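One structure follows; several queries about it will come next.
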Amino acid sequence: MRRYAAYCEEGQPLDSFVEVTIKDDERGDPVISEDALEMLGLLNKQQYQELKELTKKICGIVKDELAKKGLELYDIKLEFGHDKTNNQIILIDEISGGNMRVYKDGNYVPPLELEKLFLA
């Protein structure tokens, strides 16, 4: 919402919207485009597509599992890395309530409450 509030409404469905940022606290984790990733030698186009597909797949699994408990995933942050040894894109951070926004019956569920609801 901070970035796109002028163009959308909170809660508006943006199915499988993937946005890539560079983990760089000093610069506020800037958004980076597919072209910039390639031009800067960070990811080639094939690796970017792999990252995007992995993101959609993982988020789909998380969304489906939450839905089984009556919970709705609004957004999630995943952190990936590039294992240059075997040229793979890999998930490098945990998937936890602190990395996502989840709602139940239109109300935000804080991470500790989410854990209780999900594990119940």
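Listed here are the residues, each with its yes/no results for (1) in contact with a helix residue (DSSP H, G or I) (Cβ under 6 Å, 6 or more places away or on another chain); (2) surrounded by 13 or more Cβ atoms within 10 Å (Cβ to Cβ); (3) not in a helix (DSSP H, G or I).
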| residue | (1), (2), (3) |
| --- | --- |
| Gln49 | no, yes, no |
| Glu53 | no, no, no |
| Leu73 | yes, yes, yes |
| Glu94 | no, no, yes |
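Follow-up. What residue, of Lys84, Lys57, is open to solvent by 80 Å² or more (accessible area, probe 1.4 Å) and at pLDDT 95 or above?
Lys57
Mind checking which residues of the stretch 81-95 are free of Cβ contacts under 8 Å to residues at least 40 places away in the same chain and of a type in the set (A, V, I, L, M, F, W, C)?
Selection gives Ile90, Leu91, Ile92, Ile95.
Testing Cys8 on (1) in contact with a Leu (Cβ under 9 Å, 6 or more places away or on another chain); (2) part of a helix (DSSP H, G or I); (3) without any contact (Cβ under 8 Å) to a residue 24 or more places away in the chain, one condition comes back false. Which one is that?
(2)
Still on this model: Of everything in the stretch 96-120, what is assigned to a helix (DSSP H, G or I) and either touching a residue at least 60 places away in the same chain (Cβ under 8 Å) or of a type in the set (A, V, I, L, M) (or both)? Give them in sequence order.
Those that are assigned to a helix (DSSP H, G or I) and either touching a residue at least 60 places away in the same chain (Cβ under 8 Å) or of a type in the set (A, V, I, L, M) (or both): Leu112, Leu114, Leu117, Leu119.
The values are calculated or read from the model by the stated rules, or taken from the named source; none is laboratory data. Quick caveat: nothing in here was measured; it's all calculated off a predicted structure. Every residue, glycine among them, receives a Cβ derived from its backbone with ideal geometry; neighbour counts consider all protein chains shown. Side chains are part of the model used for accessible areas, which takes the heavy atoms of the whole protein and leaves out ligands, DNA and RNA. Shrake-Rupley method; radii C 1.70, N 1.55, O 1.52, S 1.80 Å.
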